[in-house]
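A short write-up of the structure that comes next.
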Amino acid sequence: MGHKVHPKSVRLGYIQDWESKWFNIKEMPNFIEEDYHIRVYLKDKLKLAAVSKIVIERPGKYLRINIYTSRPGIVIGKGGQGIENLRKEIETMSAKKTFVNVMEIKRPEIDAQLVAESIAFQLEKHVAFRRVMKKAIERAMMSGIQGIKVMVSGRLGGAEIARTEWLKEGRVPLQTFRADIDYGFVEAYTTMGQIGVKVWIFKKELFKKTTKELIEEAKVVDLNAVTEQVQTAKAKEESK
């Protein structure tokens with residue numbers, strides 16, 4: 001099960017959420033195709049905006065698109081012109097009134113899709129693949145995650161035979177459903193051919209308290225105990 005199943009697919013409805021939020025049995029094939037074309041268009045249009053994911057919602061007769069990016073300024077454009085052009089273009093594609101929201105990603109170094117895109121971009125610039133992988137892992141681990149794994153496949157370093165190389169640091173428990181694992185995949189188009197880049201980032205284990213949370217709880221318990229002691233002491237003095 002390790003690499004055979006998408007880490008997000010087995011966690012949908014449990015700790016992960018869908019990227020297309022709507023339900024319509026009659027129009028399902030058309031909506032799925034429309035969602036695909038919207039995502040392809042936005043990804044192509046916002047290549048330099050570091051877009052991690054695009055969430056599409058269909059409440060009633062409207063279309064709401066949430067763009068998650070680490071560079072919101074590029075998406076919004078000067079005076080909001082960029083986002084307005086996107087909205088008009090999507091309205092012509094879907095023939096529905098569209099609302100476009102831009103969500104900022106505060107920490108792009110722990111977003112698996114953005115890490116994978118960063119690695120792919122550097123590989124296209126002919127940077128040594130091992131150095132790129134190590135730098136990405138170091139940056140992510142410094143941000144306080146529990147584990148990361150990076151895998152690249154293809155004609156690495158311009159070799160004649162394609163191969164797979166990977167580096168890992170920390171824990172990446174793919175079979176633990178409560179583990180919040182972010183997954184990203186992208187393809188780098190180099191002069192020697194296509195190179196696939198996969199990134200798994202283990203952020204935290206949900207439903208399990210971290211050391212920091214346990215310390216905070218202990219502090220609260222200590223404060224409660226102190227307040228109780230003070231109250232009992234006051235009650236004794238008043239009774240005297």
Residues of region 1-42 satisfying the condition of being aromatic (Phe, Trp, Tyr) and either open to solvent by less than 60 Å² (accessible area, probe 1.4 Å) or in a helix (DSSP H, G or I) (or both): 22, 31, 36, 41
One residue from 119, 90 being at pLDDT 90 or above, open to solvent by less than 60 Å² (accessible area, probe 1.4 Å) and farther than 30 Å from residue 61 by Cβ: 119
Top-ranked residue in region 160-173 [being open to solvent by 30 Å² or more (accessible area, probe 1.4 Å) and aliphatic (A, V, I, L, M); ranked as nearest to the chain's Cα centre (by Cα)]: 167
Tally, over region 120-151, of residues that are closer than 22 Å to residue 180 by Cα and of a type in the set (A, V, I, L, M, F, W, C): 10
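So that you can scan it fast, the table gives a plain yes or no per residue for (1) closer than 28 Å to residue 156 by Cβ; (2) open to solvent by 60 Å² or more (accessible area, probe 1.4 Å); (3) among the small types (Gly, Ala, Ser):
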position: 61; (1), (2), (3): no, yes, no
position: 66; (1), (2), (3): no, no, no
position: 103; (1), (2), (3): no, yes, no
position: 123; (1), (2), (3): yes, no, no
position: 129; (1), (2), (3): yes, no, no
position: 136; (1), (2), (3): yes, no, yes
position: 143; (1), (2), (3): yes, no, yes
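The values are calculated or read from the model by the stated rules, or taken from the named source; none is laboratory data. This structure is a prediction, so every number in the text was calculated from the model and none was measured. Methodologically, a virtual Cβ is constructed for each residue, glycine included, from the backbone with ideal geometry; neighbour enumeration extends over all protein chains shown. We work out accessible area using only protein heavy atoms, side chains counted, and drop any ligands, DNA or RNA first. Shrake-Rupley method; radii C 1.70, N 1.55, O 1.52, S 1.80 Å.
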